[in-house]
Structure formats: C-alpha cells, structure tokens
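Everything below concerns the one structure shown next.
Rule-based calculations on the coordinates, nothing more; no lab input. A quick note: this is a predicted structure, and the numbers were derived from the prediction, not measured. Because the Cβ atoms are built from the backbone with ideal geometry, glycine has one as well, and the counts that use them run over all protein chains shown.
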Amino acid sequence: MNLGIRPKVLNISRGLVSLRDNMRVLVIFYSRTGNTRRVAEAIAERLKADIEEIRDVKSRSGVLGFLRSGYEALAGRLPKIQQVSRSPDEYDLVLIGSPVWVGRLSSPMRAYLAIYGRSIKQTAFFCICKSDEGRVFKEMEALSKKPIATLCIREKEVKSGEYIKKIEEFVKALT
Ligand SMILES: Cc1cc2nc3c(=O)[nH]c(=O)nc-3n(C[C@H](O)[C@H](O)[C@H](O)COP(=O)(O)O)c2cc1C
C-alpha cells in the first residue's frame, strides 16, 4: 500500500514497505551529462546496492545529441541501448533513475523499461531535472510498478551538494 505522503520540502513519498537486511537491491540509471550518475552512485553506496548504468549505442553529445534526445523523449522512441549485465528480476528492490527530458522520461530509460520493467518486483524512482519532474514518475510507473518512494532532485542541488540531505531522507524512507 502506498500512502502517497509527499513532504513538500523534500519531495519524497513513501509506502509501508521496509528494506530487510538480506534484500538484494539494484540501482539502475541513465545519465547523459553525469548528474543522475552522481546521485545514483550516492544512493547505491548508502544502500550497499548493486548499480548498473544504461549506455547508449549512438552518442548523444553536442547540440545534435541534445535535440535528438528531446525529440525521442517527446515521441516516446525506444533507442538501441547496450546490453545490461544484471537481471532486475533477481533483485527484491530496483531503484530507477533518469534525467527529465522535455517533461518526459529519458528515451534510453524508456527503452530499458520497455524490455525489463515488467520483471521488476518492487521499485522506487528518482529523477534529476532543471525545474520539475514533469511526467517522469507516471511514465516509469506505467512501464514497471507503483513505486514505494520517489525523489526528484534539481540539477542545482547536485552541483551545490544539497542533494546529499535529500538522498539520505530517501534512503531512510526505504529502510
Ligand atoms: C533534451 C533535454 C531536455 C530536457 N528537458 C527538461 C525539462 O523538461 N525539465 C527539466 O526540469 N529539465 C530538463 N532537462 C534538464 C535535465 O533534466 C538536467 O540537465 C539533468 O541534470 C540531466 O541529467 P544527466 O546529467 O544525468 O544527464 C533537459 C535536458 C535535456 C538533455
């Protein structure tokens, strides 16, 4: 059951599920410019979780990569991604992290969830944005499960280091 409590300051919601010591946890993320990676690594370290990065087949660098990313997110495209090494169905909890692109889920994460989303047993979401989460959590949920917790971090909080406090609250909400 999800109580849907979302304290405004931290933008965290939590359910009634607690993380047992022996639970296997995976953090899966996509990051084009490194912000989501930084947050994903900090979360995985605190949860002692395995971590896996979704990687593009075709580079997204530069202006053309930026424009293509926006187009793919808006159009709901499923770009080719490199093969992942971990099976999410082997984990009790899978944390899914993505940047916000034009208010949507990043297309590489959409491609990943289109393949593996249904095999995820229990999940929590996080996203990194400039201003707000847009439809990202709704899109993640549509491709996987209802999350037990969500966290949205602004890019400026990643740069300033303020994100640490937020992820500590997020991790607490999971444990
Ligand atoms: C194509 C594209 C579209 C974006 N659209 C949004 C948006 O709609 N809202 C927002 O808050 N941030 C938006 N951003 C900003 C990213 O979410 C932000 O820069 C984030 O930190 C990127 O994470 P990353 O470094 O892990 O790739 C967009 C970025 C890109 C590349």
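Considering only Ile148, Leu47, Met23, the residue lying farthest towards the positive end of the dipole of the chain is Ile148, judged by Cα position with unit charges set on Cβ.
If you take every residue apart from Lys159 with its C-beta less than 14 Å away from the C-beta of Lys159, what net charge results, scoring Lys and Arg +1 and Asp and Glu -1? My count for the surroundings of Lys159 gives +3. Spin-label model, Ser87 to Lys146: label points 7 Å out along the Cα-to-beta-carbon direction sit 2.8 nm apart.
Counting Lys and Arg as +1 and Asp and Glu as -1 over every other residue whose Cβ lies under 12 Å from the Cβ of Glu168, the net charge comes to +1. Based on alpha-carbon atoms, the Kirkwood radius and the radius of gyration of the chain give Rg/Rh equal to 0.93.
Here region 42-84 and region 99-153 have alpha carbon centers that stand 12 Å from each other.
Full extension of the chain segment joining Asn22 with Val63 gains 10.3 nm, where the gain is 0.36 nm per residue of separation less the Cα-Cα distance. To the nearest ten degrees, helix 35-47 and the longest principal axis of the Cα atoms of the chain are 20 degrees apart. Remark: Val100, Val94, Val171 ranked as Val171, Val100, Val94, counting other beta-carbon atoms within 10 Å and listing the fewest first. A straight Cα-to-Cα reach below 16 Å connects Lys130 with the aspartates and glutamates Glu155, Glu157, Glu162, residues fewer than 8 places away in its own chain not being considered.
Any idea what the relative contact order of the chain is, in percent, if you count C-alpha pairs under 8 Å spaced at least 6 apart? For the chain, the relative contact order is 26 percent.
Pick from Ser144, Ser98, Ser119: which is most flexible by mean-square fluctuation in a GNM of the chain where alpha carbon atoms under 10 Å apart are linked? Largest GNM mean-square fluctuation: Ser119.
The GNM of the chain, with springs linking C-alpha atoms under 10 angstrom apart, assigns the highest mean-square fluctuation among Met109, Met23, Met140 to Met23. Cross-link check: pairs Lys138/Lys159; Lys80/Lys172; Lys58/Lys159; Lys58/Lys165 evaluated at a Cα-Cα cut-off of 31 Å; pairs beyond the cut-off: Lys80/Lys172; Lys58/Lys165.
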